[in-house]
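Enquirer: Below you'll find the structure I mean.
The values are calculated or read from the model by the stated rules, or taken from the named source; none is laboratory data. Nothing here was measured: the structure is a model prediction, and the numbers come from that model. Every residue, glycine among them, receives a Cβ derived from its backbone with ideal geometry; neighbour counts consider all protein chains shown. The area values use the complete protein model at the heavy-atom level, side chains included, leaving out ligands, DNA and RNA. Shrake-Rupley method; radii C 1.70, N 1.55, O 1.52, S 1.80 Å.
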Amino acid sequence: MSDIHAQIQAEREVARAICDQKGEADPECAVAWDTVEELQAEAAHQREMAKPKSSLEQYCDANPDAVECRVYDD
């Protein structure tokens with residue numbers, strides 16, 4: 001996830017540079033900030049999709065040989 005944050009930061013710097021050079025009313029400036037917004041939305045979506053582990057999953061990660069954590073193939 002830190003990769004997307006680095007990409008957001010890089011695109012934010014690009015957007016600032018474009019807007020400083022061409023002005024805030026320029027369409028390229030708007031497109032650059034739209035790109036930043038889309039990346040931020042994707043980062044938020046990824047955070048939502050990351051389901052936290054249940055207490056049993058955490059226990060099984062720490063104790064994979066425990067009876068409660070056995071998985072049987074049918």
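Enquirer: Within region 53-72, which residues are hydroxyl-bearing (S, T, Y), open to solvent by 100 Å² or more (accessible area, probe 1.4 Å) and under 29 Å from the mean Cα position of the chain (by Cα)? Break it down into steps so the answer makes sense when it comes.
Expert: Filtering region 53-72 for residues hydroxyl-bearing (S, T, Y) gives 54-55, 59, 72.
Next, only the ones that are open to solvent by 100 Å² or more (accessible area, probe 1.4 Å) stay: 72.
Across region 53-72, there are no qualifying residues.
Enquirer: Here is a list: A43, A6, A10, A30. Which entry is touching a residue at least 40 places away in the same chain (Cβ under 8 Å), of a type in the set (G, A, S) and part of a helix (DSSP H, G or I)? Walk me through it before giving the result.
Expert: Numbers: A6 fails: touching a residue at least 40 places away in the same chain (Cβ under 8 Å); A10 fails: touching a residue at least 40 places away in the same chain (Cβ under 8 Å); A30 fails: touching a residue at least 40 places away in the same chain (Cβ under 8 Å).
Result of the check over A43, A6, A10, A30: A43.
Enquirer: Looking at (1) on the phi < 0 side of the Ramachandran plot; (2) open to solvent by less than 50 Å² (accessible area, probe 1.4 Å), can you tell me which one G23 breaks?
Expert: Exception for G23: condition (1).
Enquirer: If you check every pair at least six apart or on different chains, which have Cβ atoms under 9 Å apart with a residue in region 47-70 that is without any contact (Cβ under 8 Å) to a residue 60 or more places away in the chain first and a residue that is loosely packed, with under 10 Cβ neighbours inside 10 Å and part of a loop (DSSP other than H, G, I, E, B) second?
Expert: Matching pairs, first to second residue: R47/M1; A50/M1.
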